[in-house]
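The values are calculated or read from the model by the stated rules, or taken from the named source; none is laboratory data. Quantities reported herein were computed from a predicted structural model and do not represent experimental measurements. Here Cβ is always computed from backbone atoms with ideal geometry, including for glycine, and neighbour counts include all displayed protein chains.
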Amino acid sequence: MQRALYPGTFDPFTNGHLDILRRACRIFDEVVVAVAPNTRKEPLFSVEERIDLILPHVEGLNARVDTFGGLVVDFAESLGAVALIRGLRAASDFEFEFQMTQMNRDLNDRVETIFLMPGSKYFFTSSTLMKQVSYYDPDRVMKFVPPNVAEALKKRFTRA
């Protein structure tokens, strides 16, 4: 069985993330979406909330959701994953992803990194942008995130 790990903060999970997940599921027997706590990024949603927002979208896919702490290559190896899935949107992503890939390879050369690009309609979509737009007008992100995520963003940013 060829298993891949799709790690990320997913704060929030976007249609771009879902597109990458679906593409990875066509390549691998199983894809584990690994939600990272990453408190350095000051997440909008807790790990548990992010997992709950992702779970409906793995139904019917050869995928599951988990969480991890520590080094992603160690978690990948503990699951028997042969690859890390990373999304690349633009050249601006490349330098960071390149550095991370080189470090991961140095830490564990048995786990490869596979880069997938989302479809063109999600190419500029990022979790950061979704949070920024939602802060001012949550309805404007509905075409970029799954409906349950749009609702969660709306609830989070609704002002009393």
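The residues listed here are 82, 33; of these, the one that is free of Cβ contacts under 8 Å to residues at least 40 places away in the same chain and assigned to a strand (DSSP E or B) is 33.
Per the listing 89, 105, the residue uniquely basic (Lys, Arg) and assigned to a loop (DSSP other than H, G, I, E, B) is 89.
The rows are residues; the columns are (1) closer than 19 Å to residue 11 by Cα; (2) modelled with pLDDT of 95 or more.
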position	(1), (2)
44	yes, no
57	yes, yes
66	yes, yes
78	no, yes
85	yes, yes
89	yes, no
97	yes, no
103	no, no
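Filtering region 137-146 to residues that are in contact (Cβ under 8 Å) with a residue 12 or more places away in the chain and in a helix (DSSP H, G or I) leaves 138, 139, 141.
Within region 62-76, how many residues are crowded, with 16+ Cβ neighbours inside 10 Å, without any contact (Cβ under 8 Å) to a residue 40 or more places away in the chain and assigned to a helix (DSSP H, G or I)? Within region 62-76, residues that are crowded, with 16+ Cβ neighbours inside 10 Å, without any contact (Cβ under 8 Å) to a residue 40 or more places away in the chain and assigned to a helix (DSSP H, G or I) number 1. Scanning region 87-104 for residues that are under 15 Å from the mean Cα position of the chain (by Cα) and either exposed (fewer than 13 other Cβ atoms within 10 Å of the Cβ) or touching a residue at least 60 places away in the same chain (Cβ under 8 Å) (or both) yields a count of 2. Filter region 1-20 down to residues that are of a type in the set (A, V, I, L, M, F, W, C) and either modelled with pLDDT under 95 or surrounded by 23 or more Cβ atoms within 10 Å (Cβ to Cβ) (or both) and give me whichever is nearest to residue 119 (Cα to Cα). Only one residue tops the list, namely 20.
Collect the residues in region 1-46 that are β-branched (Val, Ile, Thr), within 18 Å of residue 80 (Cα to Cα) and within 13 Å of the chain's Cα centre (by Cα), keeping them in residue-number order.
31, 32, 33, 35
Residues that are of a type in the set (Asp, Glu) and either modelled with pLDDT under 90 or under 19 Å from residue 18 (Cα atoms) (or both) are absent from region 109-116. Is it true that some residue in region 109-129 is over 28 Å from residue 3 (Cα atoms), free of Cβ contacts under 8 Å to residues at least 24 places away in the same chain and surrounded by 13 or more Cβ atoms within 10 Å (Cβ to Cβ)? Yes: region 109-129 contains one or more residues that are over 28 Å from residue 3 (Cα atoms), free of Cβ contacts under 8 Å to residues at least 24 places away in the same chain and surrounded by 13 or more Cβ atoms within 10 Å (Cβ to Cβ).
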